[in-house]
């Protein structure tokens, strides 16, 4: 018996979880499809100008006071992505999310638009981006990182897995008009906390412990920008650097 739960499709008329579950797009394992299913998936993919990324889980549950027996963790991530986007933080846009109970086990699938043109914070340091773009843009990246995390924490959201591989960096424009955008990935372990301090504490500790090639001076510049943005939210803009 198959039981559906919280089945939603954003920006798409396709609401059949099986079509997505069997999808062939990058990031979703493929299985045998009927011809009509293949045509429907291709129609859906053709409607999107960007690549799609999928995560699918079997039996991965998140327990809480509201759901003591657990619910698929990807349903929580869908909610977190939408809430964090409303805070002005760049995250992958949800295209589809659905869950079902099949043979007594939950299966869940989350499909998002791929974030094009970004590299991870680790890659920024390891690829020589600092030398390529120059000190001015590198410092802007650190200030933008501070502003982005301050928006997240002002909304009392804790990322929960705040490692450099889940922080993305993209340079827009060129020359004197270049600017940096920061995005966040993987909100499956995120939590909506009671206070800003609760949201902030573990994220900053995790990022500091896993920062690898980020020098202490860079951490101090980031942390100063973060504290200023947290104290002065009306001065937090993406372009004012």
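The values are calculated or read from the model by the stated rules, or taken from the named source; none is laboratory data. What you see is a predicted model; the values in this text were computed from it and never measured. Methodologically, a virtual Cβ is constructed for each residue, glycine included, from the backbone with ideal geometry; neighbour enumeration extends over all protein chains shown.
Data for the structure
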{"quantity": "Matching residues in the stretch 204-226 - criterion: being in a helix (DSSP H, G or I) and under 16 Å from residue 123 (Cβ atoms)", "calculated": "207, 218"}
{"quantity": "Answer residue from the stretch 131-173, given it is in a loop (DSSP other than H, G, I, E, B) and without any contact (Cβ under 8 Å) to a residue 60 or more places away in the chain and is farthest from residue 223 (Cα to Cα) among those", "calculated": "173"}
{"quantity": "Close pairs from the stretch 218-241: first under 14 Å from residue 150 (Cα atoms), partner outside any helix (DSSP H, G or I) and at pLDDT below 85, Cβ under 7 Å, at least 6 apart", "calculated": "229/236"}
{"quantity": "Considering residues of the stretch 189-203 that are in a loop (DSSP other than H, G, I, E, B) and either crowded, with 17+ Cβ neighbours inside 10 Å or not assigned by TED's automatic domain parsing to the domain that holds residue 225 (or both) only, the residue farthest from the chain's Cα centre (by Cα)", "calculated": "193"}
{"quantity": "Checking residue 123 against (1) touching a strand residue (DSSP E or B) at 6+ places or on another chain (Cβ under 7 Å); (2) closer than 24 Å to residue 190 by Cα, the condition it does not meet", "calculated": "(1)"}
